1. Applying the selection to the stretch 103-126, what residues are out of contact with any strand residue (DSSP E or B) (no Cβ under 9 Å at 6 or more places or on another chain) and touching a residue at least 24 places away in the same chain (Cβ under 8 Å)?
2. Quick one: in the stretch 71-126, of everything that is over 20 Å from LEU144 (Cα atoms), part of a loop (DSSP other than H, G, I, E, B) and open to solvent by less than 20 Å² (accessible area, probe 1.4 Å), which residue is modelled with the highest pLDDT?
3. Being more than 18 Å from GLY124 (Cα to Cα) and part of a strand (DSSP E or B) is the filter; apply it to the stretch 17-64 and report the residue that is modelled with the lowest pLDDT.
4. If we keep just the residues of the stretch 1-16 that are assigned to a strand (DSSP E or B) and basic (Lys, Arg), which is nearest to ILE135 (Cα to Cα)?
5. Go through the stretch 127-137 and give me each residue that's surrounded by 17 or more Cβ atoms within 10 Å (Cβ to Cβ) and either small (Gly, Ala, Ser) or free of Cβ contacts under 8 Å to residues at least 12 places away in the same chain (or both).
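The values are calculated or read from the model by the stated rules, or taken from the named source; none is laboratory data. Computed from a predicted model, the values in this text were never measured in an experiment. A quick note on method: Cβ atoms are made from the backbone with ideal geometry, for glycine too, and the neighbour counts reach across all protein chains shown. To get the accessible areas, we keep the full protein, side chains included, count just its heavy atoms, and leave off ligands, DNA and RNA. Shrake-Rupley method; radii C 1.70, N 1.55, O 1.52, S 1.80 Å.
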Amino acid sequence: MEKLQEILKKEKYKKIKFKITKTQHLLIKVKINGIKGNFILDTGASNSCIGFESIELFQVDAQDSKTKASGAGATGMLTQIASHNKLQLGMWKKNKCDLVIFDLSHVNEALTHYKVKPVHGIIGADILLKGKAIIDYYNHYLYLQ
């Protein structure tokens, strides 16, 4: 029987390692516009996003947005949007990615409460759909095509 890894490699999928935190979040390294950051891989998040405090770090062009964000324990949060960003997870690359920018402090407060390092953002379903994602929870790999 052929291993999942070998089948996906033939189908031109890229393999990206993730870690599982003490809080059971999937932690993944991401480059935005060539700059590394720590992100949560979140299948329940509709959009990939970064925190307001990471605008300068990732050199994104933040524009006002009429969209209000809601997430675990918070609703009606103001957002901005940054278009045309280069996104890289492992060897998988995508140009012209949009990122929602919002207040990630409630997420990071929860993480630091459990002594988990804060994150720069979240990789959501938008990227997972674009990359035809397959998540191998057991071996801690994300596959993107």
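1. Selection gives ALA110, TYR114, LYS115, ALA125.
2. Taking the stretch 71-126 and keeping what is over 20 Å from LEU144 (Cα atoms), we get 71-83, 100-120.
Narrowing the set further to residues that are part of a loop (DSSP other than H, G, I, E, B) leaves 72-73, 103-104, 114-120.
Those still in the list that are open to solvent by less than 20 Å² (accessible area, probe 1.4 Å) too: 104, 116, 119.
Numbers: LEU104: 91, VAL116: 91, VAL119: 97.
Checked the stretch 71-126; the qualifying residue modelled with the highest pLDDT is VAL119.
3. ASP64
4. If we filter the stretch 1-16 for residues that are assigned to a strand (DSSP E or B), which is where we start, we get 14-16.
Of the ones still in play, those that are also basic (Lys, Arg) are 14-15.
Values: LYS14: 12, LYS15: 10 Å.
Among residues in the stretch 1-16 that are assigned to a strand (DSSP E or B) and basic (Lys, Arg), the one nearest to ILE135 (Cα to Cα) is LYS15.
5. Scanning the stretch 127-137 gives GLY131, ALA133.
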